Amino acid sequence: MIAPRGGFFTRDGKWAVENEGVAPDIDVENFPKDVIAGHDPQLERAVEEAMHLLKASPVDRKTTEPPPPTWGKRKGGGS
């Protein structure tokens, strides 16, 4: 057994304990038959949720590169 050396508190100002964990946002059952069949229900549900969020809020990606940086070049072209 190891005793904690220091306490900490949460953002709402309450004392918290180590290794308490976080309740999942989405409950997913992990049945042995699914795992034996080569499935990972938690991962599959996470990917499904990520794809749903991505569809709801698409990422706006740049398609062109920015101009090269100029901060490292010397003026006058000398060596």
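Among what's in the stretch 19-41 and is in contact with a Pro (Cβ under 9 Å, 6 or more places away or on another chain) and part of a helix (DSSP H, G or I), pick the residue that is nearest to GLY7 (Cα to Cα). The selected residue is VAL35. Restricting attention to the stretch 43-65 and to residues that are assigned to a helix (DSSP H, G or I) and aliphatic (A, V, I, L, M), the residue that is nearest to ASN30 (Cα to Cα) turns out to be LEU43. Contact map, the stretch 1-22: residues that are at pLDDT below 70 paired with residues that are in a loop (DSSP other than H, G, I, E, B) and not hydroxyl-bearing (Ser, Thr, Tyr), Cβ distance under 7 Å, separation 6+ or inter-chain. Pairs shown: PRO4/GLU18. Within the stretch 61-78, residues that are surrounded by 10 or more Cβ atoms within 10 Å (Cβ to Cβ) have Cβ atoms under 7 Å from residues that are modelled with pLDDT of 65 or more in no pair, counting only partners at least 6 apart in sequence or on another chain.
The values are calculated or read from the model by the stated rules, or taken from the named source; none is laboratory data. No experiment lies behind these values; they were computed from the predicted model shown. Every residue, glycine among them, receives a Cβ derived from its backbone with ideal geometry; neighbour counts consider all protein chains shown.
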